[in-house]
There are 2 protein chains.
Amino acid sequence: MRRLATTDPGFDAALAALLADRATAIDVSEAVAAIIARVRAEGDAALIDLTARFDRFPLTETTLHIGATEIGAAVAAVPAAQRAALDRAATRIETFHRAQMPADLAFTDETGARLGLRWGPLDAVGIYVPGGKAAYPSSVLMNAIPARIAGVSRIAMCVPTPDGVTNPLVLAAAHRAGVTEIYRVGGAQAVAALAYGTARIAPVDRIVGPGNAYVAEAKRLVFGRVGIDSIAGPSEVLVIADAAQNPDHVALDLLAQAEHDEAAQAILITDDAGFADAVAETIARVLKTLPRSAVAGASWRDHGAIVLVRNLDEATAIANRIAPEHLQIMTADPARDFARIRHAGAVFLGRHTPEAIGDYIAGPNHVLPTSGTARFASGLSVYDFLKRTTWAELDAASLATIGPSAVTLAEAEGLGAHARSVAIRLEA
Amino acid sequence: MRRLATTDPGFDAALAALLADRATAIDVSEAVAAIIARVRAEGDAALIDLTARFDRFPLTETTLHIGATEIGAAVAAVPAAQRAALDRAATRIETFHRAQMPADLAFTDETGARLGLRWGPLDAVGIYVPGGKAAYPSSVLMNAIPARIAGVSRIAMCVPTPDGVTNPLVLAAAHRAGVTEIYRVGGAQAVAALAYGTARIAPVDRIVGPGNAYVAEAKRLVFGRVGIDSIAGPSEVLVIADAAQNPDHVALDLLAQAEHDEAAQAILITDDAGFADAVAETIARVLKTLPRSAVAGASWRDHGAIVLVRNLDEATAIANRIAPEHLQIMTADPARDFARIRHAGAVFLGRHTPEAIGDYIAGPNHVLPTSGTARFASGLSVYDFLKRTTWAELDAASLATIGPSAVTLAEAEGLGAHARSVAIRLEA
């Protein structure tokens, strides 16, 4: 864990070093390109062979699809309290995403031209769900629910079952989110199947969901053939807290981020050195008691930081430089400080809003832009599953009013047929 | 030009062949990666050297930036009629894009939790404008105006001036669109400069605008470091027209698309064989009289098509399969037929709305998804220059209501610190 202060000489360079890319760069592009080529050439047979190799599971054409019976059994195997929590989370996520749905635009302007913009859902979406250690039922809800609210009629989910192990809560989450088309396949081969289709898996229009380096590279390679969501890096949180906060709470908020991944990053910015000390001490003490203490300890040791600022305006300025995925603002006037934030994926205001609430149940999406990409990117939303069609309908009068300018510009650009397609209609 | 009919045996395969990828696939990734590496290492010196090599122009550090004097002279050199047309187009594009601006979301739910979503502009955007034959002032308006309406405070434009030739109308369009930061540099080196910055060009957050294969590959390679718009393929139009339309108008609409590029594609779908013949005859006749007859002729010959359908429901079904960039619906009831369209970039309704009106002056954007990507992608809009930050603010009561479910889910996912960061706040 590094401690920085804005009064340090060399603070800017130290902050830049802290934020240097944490993603482990392994080049898997050749291996992934080969997998995609095999799936395109051999279809389901490639999926079966690659699943045997990578997931040590003897997939067959009939077990590729996880049927309703198996899903029903998984749902029944989930303890009632977990089912109830999943349902409450799903309901809240549905409410928030329904509130996001945009309205169509249509108006007639002063020339009589009718203009508009119509939103419509994608036909088919693929959701990738990791197996193994990163199998998060909450992510199934966060990916599938916005697609369903947007009106996507076909949602196909791929989830690997390494060594044949299925996570019942993942299937229960899919069931609650209304996903019925689920395939037992993962990795780059799953992405290839979703993008190009096989005999048993029809192709989709967009693929979303987190995954390892192979999945990320496969999404990058099929981009253009289908849409993809952004390639997520390691997760991160920035907590801005003043001395009036409970240091034990803040320590747990930072550790909640650190326990995700050794490459995760948790940063505290505070204007009080004593508070910084108190948080650091709690973290050192609590770390040992966590179920994932090794992961959280490595993250905090290698990427954690406490930044001491002179005042909260410095804090918000640094936050804008970081453009964090998650930002907790625990200050006397969180609304005031939030108004100064230009770049953040999701913001959690006040002492009663730990970031973990947003991971599960607040309602906003937990799939968010990482590594400073909140400068230009946004979290997952219904917009990821909608597209816009603009339209125009002129009558003879409106064309007579605005057409001549189009002719002038088309001629200036040397596009004679453009000009004549308008001019011929002005002659009548 | 191919003529197909839905009654043909093998129609589906013939349509698929017609739509096969028209993009010329030249692999420039190594060359582009080398250019990007040079710009990152050498900065403006690399821009100067590469501009001498590729654009045959002796750029210097002082002529890199196109100053206000030069822009003013260019504006003055543009004929008044063109300036007026540009102004009318800009005003209409501004109106349409202002109408798109989304509203923030904020509500308090039944637990007392306050939730919301806030839109904000990107800080800095780069606009790439091709030089040479594809230098379109209209594209400057279409790229820059949505950024300015979205509230982007810094818009940096790069435009090459091959052999020192500047297009005054391009500079006039930039001026009208409010762009004041313009650099005389193009190609992959311009994209690299915008993404990574040099001494004289500060980096941006997102790069938009059309370009050749080098520019497209450079955008692909810097994606992640910055946001990019979609990689555009050759342009295309689909016209659905019945026998009541004027075949001369339809012929010019198809040729307007064909004259863009040898790889452009113009397709007519009609339910009347005689109308199809009349359009084909007009095209053959008019082609010879066009300023760009060689280009339009090659496009129509190699990629043009007339598809005869039994009825308009077949026409809209084929349109959905094509997912065209531009769609003209010239039928007795365009609104009825438009309601059946699920995938199209921009739609032009009725006999008085040629697609060329949308290229210049209707108001909707002319930067649109090509090659069937309208299945999942949308035209350029203010959304390309905005991002969303979601937020949540709970009080003790709302946390007490929904917190326990978050604890249950965090424990089920094995994330102990997540669970404890919520649970500790429930103890008080």
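The values are calculated or read from the model by the stated rules, or taken from the named source; none is laboratory data. Keep in mind that what you see is a predicted model, and the values were worked out from it rather than measured. Cβ placement follows ideal geometry from the backbone for every residue including glycine, while neighbour counts extend to all protein chains displayed. Side chains included, ligands, DNA and RNA excluded: accessible areas come from the protein's heavy atoms. Shrake-Rupley method; radii C 1.70, N 1.55, O 1.52, S 1.80 Å.
In units of 2.2 N^0.38 Å, what is the alpha-carbon radius of gyration of the protein assembly as shown? Dividing the Cα radius of gyration by 2.2 N^0.38 Å gives 0.98. Summarised as an ellipsoid, chain A has semi-axes of 41, 33, 21 Å, derived from the eigenvalues of the Cα gyration tensor scaled by 5 and square-rooted, with the largest first.
Taking a Cβ cut-off of under 11 Å around B:Asp44, the surrounding Lys, Arg, Asp and Glu residues balance to a net charge of -2, with basic ones at +1 and acidic ones at -1. Each Lys or Arg adds one and each Asp or Glu subtracts one; over the other residues with Cβ under 11 Å from the Cβ of A:Ala323, this totals 0. Dipole orientation for segment A:303-428: of the candidates A:Tyr383, A:Ile424, A:His343, A:His343 has the Cα lying most toward the positive pole (charges on Cβ; Lys, Arg +1; Asp, Glu -1). Shown for chain A: the carbon plus sulfur share of the solvent-accessible area, taken with all protein chains present and a 1.4 angstrom probe, equals 54%. Distances between equivalent label points of B:Ile26 across the copies, with each point positioned 7 Å along Cα→Cβ, amount to 3.7 nm, shortest listed first.
Bridge orientation summary for the protein assembly as shown: considering DSSP beta bridges with both residues in this region, about 25 percent are antiparallel.
Separation of segment A:29-84 and segment A:85-154, taken as the distance between their Cα centroids, equals 25 angstrom. Projecting the Cα atoms of A:Asn365, A:Ala284, A:Thr331 onto the dipole axis of segment A:233-375, where Lys and Arg carry +1 and Asp and Glu carry -1 at the beta carbon, places A:Asn365 farthest toward the positive end. Segment B:Asp333..B:Arg53, full-extension length gain: 95.3 nm, with 0.36 nm per residue of separation and the alpha-carbon distance subtracted. Neighbouring Cβ atoms from other chains, within 10 Å of the Cβ of residues in B:99-107, number 3 on average.
Considered as an equivalent ellipsoid built on the Cα gyration tensor, segment B:29-228 has semi-axes of 31, 24, 13 Å, the largest given first.
Distances between copies at A:Ala106, taken between label points 7 Å from Cα along the C-beta direction, are 3.2 nm in increasing order.
Between this copy and the others, label points of B:Thr69 are 8.4 nm apart in ascending order, each placed 7 angstrom from Cα in the Cβ direction.
Let me know the shape class of segment B:43-129, please: from the alpha-carbon gyration tensor, a ≥ b ≥ c as square roots of the eigenvalues, rounded when a/c is under 1.5, otherwise prolate if a/b is greater than b/c, or oblate. It is oblate, given that a/c is not under 1.5 and a/b is not larger than b/c. Each of B:Asp395 and A:Val165 was given a label point 7 Å from its Cα along the Cα-to-Cβ line. The distance between the two points is 4.4 nm.
Under a model in which nothing but the beta-carbon of Lys, Arg (+1) and Asp, Glu (-1) is charged, segment A:233-375 shows a dipole of about 200 debye around its Cα centre. Report the residue, chosen from B:Ile402, B:Ile269, B:Ile322, that carries the largest GNM mean-square fluctuation when chain B is represented by alpha-carbon nodes joined by springs under 10 Å. Judging by the Gaussian network model, the answer is B:Ile402. Under the combined filter of DSSP loop state and at most 13 neighbouring Cβ atoms within 10 Å, segment B:297-343 retains these trypsin sites (Lys or Arg not before Pro): B:Arg310. Only beta bridges with both residues in segment A:29-228 are counted; by DSSP, about 25 percent of them are antiparallel. For segment A:322-402, the alpha-carbon radius of gyration amounts to 1.68 times the rule-of-thumb value 2.2 N^0.38 Å expected for a compact globular protein. Remark: mean inter-chain Cβ contacts per residue of A:34-45 equal 0, using a 10 Å Cβ-Cβ cutoff to other protein chain atoms.
Over all orientations, segment B:121-245 has a Cα convex hull whose mean projected area works out to 9.5 square nanometres. The calculated FRET efficiency for A:Thr60 paired with B:Thr62, based on their beta-carbon distance and R0 = 56 Å, is about 0.20. Only Lys, Arg, Asp and Glu carry charge here, each on its Cβ (+1 for the first two, -1 for the last two); on that basis the protein assembly as shown has a dipole of about 40 debye about its Cα centre. What share of Cα pairs, in percent, lie more than 17 angstrom apart in segment A:233-375? Tail of P(r) above 17 Å: 55 percent of Cα pairs.
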